[in-house]
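As structure tokens, the structure follows; a few thoughts come after it.
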Amino acid sequence: MMSIKKWFLPVVISVFLFILNAFWGWWWMNGVFAFVISYFFIKGKGASFLIFFSFVFVFWLFLSIWKDAQSEYVVSQFLSALLGEISPVLTYILTGLTGGFFSGWAAYLGSSLRNISK
């Protein structure tokens, strides 16, 4: 189990990079950041998956709601029609799950590579 001091730096780096990437980057860069941060800072494979899955899920959920509100909810209405008239709330959840799983698996791979290479 990592102490608070050991968690502080990876959390600050993650928050900074993900917020920066939300406005000026590509969506898949979150996975690259999760991979690199897990490789250097987080030892447990399961812990790294859960940390990044939950963090990016919540981050993408709120980011998709915020960006959709800026576009007057056009994007969620289009996606819900495209996916078979599902609820716009479900499109937000699917967006969060997509980002969460992608970043979680990238973090898992980063932590696994660390265990293999050392």
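Every number in this text was worked out from the coordinates using simple rules, so none of it is lab data. Here the structure is a predicted model, which is why all the values come from computation and not from measurement. Using ideal geometry, Cβ is built from the backbone for each residue, glycine included, and neighbour counts are taken over all protein chains shown.
Conditions first: (1) polar (S, T, N, Q); (2) surrounded by 13 or more Cβ atoms within 10 Å (Cβ to Cβ); (3) over 9 Å from the mean Cα position of the chain (by Cα). T98 passes all but one, so which condition is the exception? Here T98 meets the rest and fails (3).
Among the residues of region 11-30, is any of a type outside the set (K, R), touching a residue at least 24 places away in the same chain (Cβ under 8 Å) and closer than 20 Å to I116 by Cβ?
First, the residues of region 11-30 that are of a type outside the set (K, R): 11-30.
Those still in the list that are touching a residue at least 24 places away in the same chain (Cβ under 8 Å) too: 13-14, 18, 22, 27-28, 30.
Subsequent filtering for residues that are closer than 20 Å to I116 by Cβ retains none.
No: zero hits.
Considered as a group, the residues in region 26-49 that are exposed (fewer than 15 other Cβ atoms within 10 Å of the Cβ) and over 10 Å from G110 (Cβ atoms) include one that is farthest from the chain's Cα centre (by Cα), and that residue is K43.
If you go through region 10-24 and pick out every residue that is surrounded by 16 or more Cβ atoms within 10 Å (Cβ to Cβ) and not hydroxyl-bearing (S, T, Y), you end up with 5.
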